[in-house]
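To start, the structure itself, in structure tokens.
The values are calculated or read from the model by the stated rules, or taken from the named source; none is laboratory data. If you're wondering where the values come from, they're calculated on a predicted model, not measured in any experiment. Cβ sites come from the backbone with ideal geometry, for glycine too, and all protein chains shown count toward neighbours.
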Amino acid sequence: MYTDLKNKTAVITGGSKGIGTAIAERLGKEQMNVVVNYHSDEEGAKEVVEEIKAQGSKALAVQADVGTEEGVEELLNAALEEFGGLDLWINNAGMENRHETHELPLEDWQKVLDVNLTGVFLGSKAAINYFLKEDKPGNIINMSSVHEKVPWPTFAHYAASKGGVKLFSESIAMEYAQQGIRVNCIGPGAINTPINAKKFEDKEQLETTTSMVPMQRIGDPSEVAAAAAWLASKESSYVTGITLFVDGGMTLYPAFQGGRG
Ligand code: NAD
């Protein structure tokens, strides 16, 4: 438990399932007030809110498309109106789809970039404006991926978005460090969430993915949430501009395992 988080307010985007849900519930356990954003899964978001309330914390489900300025403004306003402030903004919402790049429709490129990169920009911008206006320290966590570093053929648009998240986050971490605003990324590896459900249901694909992880297993969303809680807390007070990989070693060039190469 990080006692400094108690009664502070967080916005988490894409909170109705997967990693977002695990983080929202973990922040609830830390006694934070949580704005749980969802795009279309209202029921899922409401369940998360009920779970957080059952832990004795406050939470609110808010529909918004993070790829729009109006959407992120609504999330900020919900935090201010319902909980009286904002301390932590987590840009978690993301999407992916597979296409060979020479056949990738512009529309799909645009959609992935809108959610994964523009959404991170818009959320960060709204949070920073609030922190600056109130002259208070703030904390931003952006969900990147091992693919901010590892190329991913047939998911080039996804990799481009996450590479963008990395350099965007490093740039603003430097830009606002003197104002007491910390900005960090989390880089998950292969985590067991709905985004991967189909892939991991297939035994062969699951084995292929597992073989790419030195720890030889898929990660649990709660393991990503633990990293988020640490980055949110003052235990990480001197940390800004990093990507904390939560990947069982996936970024360690596992092809070299056993001295190969
Ligand atoms: P998920 O599909 O379970 O959840 C993604 C969430 O984002 C969903 O709730 C979805 O509704 C939301 N979302 C999508 N478009 C949105 C929009 N326009 N506005 C608001 N919300 C929107 O996926 P996940 O695995 O929980 O992924 C969460 C984040 O972690 C993503 O950014 C993803 O790229 C990243 N990530 C996941 C993995 C993994 O293995 N699961 C690995 C690396 C990075």
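Is it the case that some residue within the stretch 10-31 is modelled with pLDDT under 95 and of a type outside the set (D, E, K, R)?
No.
State whether the residues of the stretch 56-73 include one that is within 14 Å of the ligand (Cβ to nearest atom), buried (at least 24 other Cβ atoms within 10 Å of the Cβ) and assigned to a helix (DSSP H, G or I).
Yes, the conditions are met somewhere in the stretch 56-73.
State all residues of the stretch 176-214 that are away from the ligand (no atom under 14 Å from the Cβ) and either part of a loop (DSSP other than H, G, I, E, B) or under 21 Å from the mean Cα position of the chain (by Cα) (or both); if no residue qualifies, say none.
Selection gives 176, 177, 180, 181, 182, 183, 184, 202, 214.
Would the stretch 77-93 turn up any residue that is charged (D, E, K, R), within 14 Å of the ligand (Cβ to nearest atom) and either part of a helix (DSSP H, G or I) or out of contact with any strand residue (DSSP E or B) (no Cβ under 7 Å at 6 or more places or on another chain) (or both)?
There is no residue in the stretch 77-93 that is charged (D, E, K, R), within 14 Å of the ligand (Cβ to nearest atom) and either part of a helix (DSSP H, G or I) or out of contact with any strand residue (DSSP E or B) (no Cβ under 7 Å at 6 or more places or on another chain) (or both).
Testing residue 165 on (1) under 30 Å from residue 135 (Cβ atoms); (2) at pLDDT below 95, one condition comes back false. Which one is that?
Condition (2) is where residue 165 drops out.
Could you check how many residues of the stretch 1-26 are under 17 Å from the mean Cα position of the chain (by Cα), more than 12 Å from the ligand (Cβ to nearest atom) and outside any helix (DSSP H, G or I)?
So the answer is 2.
Residue 187 passes all but one of (1) small (Gly, Ala, Ser); (2) touching a helix residue (DSSP H, G or I) at 6+ places or on another chain (Cβ under 7 Å); (3) more than 16 Å from residue 22 (Cα to Cα); which number fails?
For residue 187, the failing item is (3).
Could you give every pair whose Cβ atoms fall below 9 Å, whose first residue belongs to the stretch 134-151 and is free of Cβ contacts under 8 Å to residues at least 40 places away in the same chain, and whose second residue is surrounded by fewer than 24 Cβ atoms within 10 Å (Cβ to Cβ) and of a type in the set (Ser, Thr, Tyr), counting only separations of at least 6 or pairs across chains?
Note: pairs meeting the criteria are 147/158.
Kindly indicate the residue of the stretch 106-151 that is surrounded by fewer than 17 Cβ atoms within 10 Å (Cβ to Cβ) and within 30 Å of residue 84 (Cβ to Cβ) and also nearest to the ligand (Cβ to nearest atom) among those meeting that condition.
The extreme case among them is 125.
Can you pull out every residue in the stretch 227-261 that is touching a residue at least 24 places away in the same chain (Cβ under 8 Å), part of a helix (DSSP H, G or I) and not small (Gly, Ala, Ser)?
Across the stretch 227-261, the qualifying residues are 230, 231, 234, 235, 254, 257.
Write out, first by first residue and then by second, each pair whose Cβ atoms fall under 7 Å of each other, whose residues are 6+ apart or on separate chains, and whose first residue, in the stretch 155-176, is under 19 Å from residue 100 (Cα atoms) and surrounded by 20 or more Cβ atoms within 10 Å (Cβ to Cβ) while the second is of a type in the set (Asp, Glu) and at pLDDT 95 or above.
Here the result reads 155/96; 157/108; 158/96; 162/148, each pair linking the stretch 155-176 to a residue that is of a type in the set (Asp, Glu) and at pLDDT 95 or above.
Quick check: anything in the stretch 27-40 part of a strand (DSSP E or B), within 19 Å of residue 143 (Cα to Cα) and away from the ligand (no atom under 11 Å from the Cβ)?
Looking through the stretch 27-40, at least one residue is part of a strand (DSSP E or B), within 19 Å of residue 143 (Cα to Cα) and away from the ligand (no atom under 11 Å from the Cβ).
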